[in-house]
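Here is the structure we will look at, set down as structure tokens.
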Amino acid sequence: LAGILLLLVFCVHILSISIFADTQYSTWAEVVSAMDEEIDKAYDLYNSGDDSEAYKQVNVAYYQYYEKLGFERTVKMYISGSRASAVELQFAKCKSTIKKKPDAAEVRAELDTLSSMLAEDAAKKFM
């Protein structure tokens, strides 16, 4: 059983390296930094009055980074499925907040919560 687990961890590590090689990211922290740029773009778009594009920008952070690069899968494997679900719910909360069109501070707070969650997960020793 220990051998199988070791092989599984090795395979995931090799997969992660190949994913990062194709996308020019060498750590999960770099992926989070790229997601933060997208999250900040979403806020800037919202703050300028373009809530539709802000909503789409949150989707860019989710689909092009969190999901596509394997961050979600890694969180599920190394932290927990419930943590991955909590982060996904925060992505959804950011989008639903944008749709409600509150003041910019409320949107910023939700986006900041998301960024903090992502950074916390990337900082885990096993990632």
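A few notes on this one:
- Distance in nm between pseudo-label sites at Y78 and S116 (7 Å out along the Cβ direction from Cα): 2.2
- The listed residues L114, L89, L45, once ranked by accessible area (1.4 Å probe) with the largest placed first, stand as L89, L45, L114.
- The mean of 1/r over all distinct Cα pairs in the stretch 42-127, once inverted, gives the Kirkwood hydrodynamic radius of 13.2 Å.
- Solvent-accessible area of I39 with every protein chain in place, 1.4 Å probe, in Å² to the nearest 10: 0
- Cross-link reach list, lysines versus K56, counting only Cα pairs under 25 Å and skipping chain neighbours closer than eight places: K41, K68, K76, K93, K95, K99, K100, K101
The values are calculated or read from the model by the stated rules, or taken from the named source; none is laboratory data. Given the structure is predicted, the values throughout are model-derived calculations rather than measurements. As a convention, Cβ positions derive from the backbone with ideal geometry for all residues, glycine included, and neighbour counts pool all protein chains shown. Note: areas computed on protein heavy atoms with side chains; ligands, DNA, RNA excluded. Shrake-Rupley method; radii C 1.70, N 1.55, O 1.52, S 1.80 Å.
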